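Comments concern the structure below.
The values are calculated or read from the model by the stated rules, or taken from the named source; none is laboratory data. All values reported here derive from a predicted model rather than from experimental measurement. When we count neighbours, we look across all protein chains shown, and the Cβ atoms used for this are built from the backbone with ideal geometry, even at glycine. Just so you know, the surface numbers come from the protein's heavy atoms only, side chains and all, with ligands and any DNA or RNA stripped out. Shrake-Rupley method; radii C 1.70, N 1.55, O 1.52, S 1.80 Å.
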Amino acid sequence: MNTNFQFLKKINNNLFEIIVEAEKLYKDEYFEQSMVQTRRFAEQICKEILKENKQEVKSFDEMLTILKENSTGSIQEKEFIDDLYFLKKNGNQSAHSGSIKKDGINALECLKRAFEISINYCVYNKGASEKILKLNYDIDTLMLNKKPQKSLANKYKEEKEKEKIKIENNKKEKSKENIKQIKLSFFWKFIIFLSSISLILILFLIIIVNIKN
């Protein structure tokens, strides 16, 4: 399947499979499970970083604290750590929630944050090409690569089609309005022309009558 995280597969296939599962859960409308999966993804990335630095793997909270303490203060590191905290917080809330919330917006934000974390990890920890820094999370890639029976994908396709039709209808309406204005403009020009001719004829008749008198 197509995925926004294709670049991650060659870097770390385990991380790739974890986050792709989060995308699948999202497309099946299992939003809370998707957020829990993105939390798992964030925790696993922390473990990978600490392993690479030969540091003891601890709890998620402890790992985040270590990363924060070892941070150089760069913008990239700050955003990376902020995103990790975001996924941890939302994943925990989803895992311990007493009721199911169809929170698709927050789940999508978690996927986007996971995407930024992936890019950061690949470039600054694994030496991947900086070209991937230009990538953006593409919702079309997330939603459109799905079998027709999947309702969320169908809804998304329908909305995209409605939007396309709406734009086309707006163009047609504008075109009709322009034609109407052109016709109206021509009508008034023609009326003015006839009025001018009539006025000239009246003046001409007045002059002739005066000459005869």
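Within the range 78-95, residues that are within 10 Å of Thr38 (Cα to Cα) sit with their Cβ atoms under 7 Å from residues that are of a type in the set (Phe, Trp, Tyr) and open to solvent by less than 40 Å² (accessible area, probe 1.4 Å), at 6+ positions apart or across chains, in these pairs: Lys88/Phe60. Scanning the range 50-66 for residues that are in contact (Cβ under 8 Å) with a residue 24 or more places away in the chain and more than 29 Å from Ile105 (Cβ to Cβ) yields one hit, Glu52.
The residues of the range 7-49 that are among the basic types (Lys, Arg), open to solvent by 40 Å² or more (accessible area, probe 1.4 Å) and either in contact with a Ser or Thr (Cβ under 7 Å, 6 or more places away or on another chain) or touching a residue at least 40 places away in the same chain (Cβ under 8 Å) (or both), listed by number, are Arg39, Arg40. Per this entry, Asn178 is counted among residues that are polar (S, T, N, Q) and open to solvent by 70 Å² or more (accessible area, probe 1.4 Å).
Candidates are the residues of the range 86-122 that are under 18 Å from Met63 (Cβ atoms) and exposed (fewer than 14 other Cβ atoms within 10 Å of the Cβ); the one that is modelled with the highest pLDDT is Lys89.
Consider the range 145-169 and keep the residues that are open to solvent by less than 70 Å² (accessible area, probe 1.4 Å) and assigned to a helix (DSSP H, G or I). The one that is modelled with the lowest pLDDT is Ser151.
With respect to the conditions (1) within 24 Å of the chain's Cα centre (by Cα); (2) acidic (Asp, Glu); (3) modelled with pLDDT of 95 or more, Glu29 falls short on a single one, namely (3).
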